[in-house]
Amino acid sequence: DAGITQSPRHKVTETGTPVTLRCHQTENHRYMYWYRQDPGHGLRLIHYSYGVKDTDKGEVSDGYSVSRSKTEDFLLTLESATSSQTSVYFCASRDRVEGEQYFGPGTRLTVT
Amino acid sequence: GESVGLHLPTLSVQEGDNSIINCAYSNSASDYFIWYKQESGKGPQFIIDIRSNMDKRQGQRVTVLLNKTVKHLSLQIAATQPGDSAVYFCAENMDNFNKFYFGSGTKLNVKP
């Protein structure tokens, strides 16, 4: 497995609080992604990055922001968490345009 | 690891039998497809990919078939083993290799 980790692995937070999830990869991959996974929806892309400081929106980007100041780290921020953002969040990375995307173990976020 | 309790279509097969998992994709402009496997409590894992200029691709014990006429993708697993028990997702990509759209998944149960 590619060296991709996520932190925290579990988090419970209250509505209206800011939350930051961290993804860290040790493979020097150029491309990184944040997805959320909900029952009945499979995986949906939130944001992605195609290089340091280069990011773009995905399918469900409202309410989320990202930052990538270093190749190895990709941060996902919920500025003001809502209950609809309760989900399992997966980070992924890839070293080239086509081919395998390596996923992290996921973060379960609960917004009460 | 994390997993999501999904109410998914389920395919049950006997160990040693062949499995066929189907996926209908949504956009006729999609030109690249990937199958992923997600075991309980883990992130998705790449299985095999196929470009739209192909209609079949084989890997180790797996074959992906693409029928562009009816926008259908299938994953065939030969001699299914208990370790194949997981949720399987197809993902389609169009225009931009960074944006993948995932299906909701099929759960494969392998009976010993």
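Here the alpha carbons of region A:4-98 define both size measures, Rg and Dmax, at 12.7, 39 Å. Counting only other chain Cβ atoms within 10 Å of each residue's Cβ, the peptide A:36-49 averages 5.
Per-residue shielding of A:102-109, expressed as the average number of other chain Cβ atoms within 10 Å of the residue Cβ, stands at 4.
In the Gaussian network model of chain B, springs joining C-alpha atoms below 10 Å, which of B:68, B:42, B:56 carries the largest mean-square fluctuation? Highest fluctuation among the options: B:42. In straight-distance terms, cross-link reach from residue B:68 covers every one of the aspartates and glutamates whose alpha-carbon lies under 14 Å from its own, apart from those fewer than eight places away in the same chain; here that gives B:31, B:55, B:92.
When the Debye formula is applied to the Cα atoms of region A:1-60, each taken as the same point scatterer, what base-10 log of I(q)/I(0) results at q = 0.16 Å⁻¹? Those come out to -0.66, one per q.
Take every Cα pair under 8 Å whose residues are at least 6 apart in sequence, average their separation, divide by the length of chain B, and the relative contact order is 36 percent. Sorted largest first, the principal axis extents computed over the alpha-carbon atoms of the protein assembly as shown equal 49, 36, 31 Å.
Kirkwood-type hydrodynamic radius, chain B: 14.3 Å, calculated from all non-identical alpha-carbon pairs. The modelled label-to-label distance between residue B:68 and residue B:39, using points 7 Å beyond Cα along the C-beta direction, is 3.6 nm. Summed over the residues of the protein assembly as shown and divided among them, the accessible surface reaches 46 Å² per residue at a probe radius of 1.4 Å. Were the residues from residue A:27 through residue A:110 laid out at 0.36 nm apart, the gain over their Cα-Cα distance would be 26.9 nm.
Kindly identify region B:64-105 as rounded, prolate or oblate by the Cα gyration tensor criterion: order the square roots of the eigenvalues as a ≥ b ≥ c, call it rounded if a/c is under 1.5, otherwise compare a/b with b/c, prolate if a/b is larger, else oblate. Oblate, because a/c is 1.5 or more while a/b does not exceed b/c.
Under the criterion of Cα pairs below 8 Å and six or more residues apart, the relative contact order for region A:4-98 equals 36 percent. Measuring against 23 Å, Cα to Cα, the residue pairs A:53/B:42; A:11/B:107; A:53/B:99 contain A:53/B:42; A:11/B:107 as the ones spanning a longer distance.
The values are calculated or read from the model by the stated rules, or taken from the named source; none is laboratory data. Only a predicted model underlies this, so the values are computations on that prediction, with no experimental measurement involved. Methodologically, a virtual Cβ is constructed for each residue, glycine included, from the backbone with ideal geometry; neighbour enumeration extends over all protein chains shown. Surface areas here come from the heavy atoms of the whole protein model, side chains and all, with no ligands, DNA or RNA. Shrake-Rupley method; radii C 1.70, N 1.55, O 1.52, S 1.80 Å.
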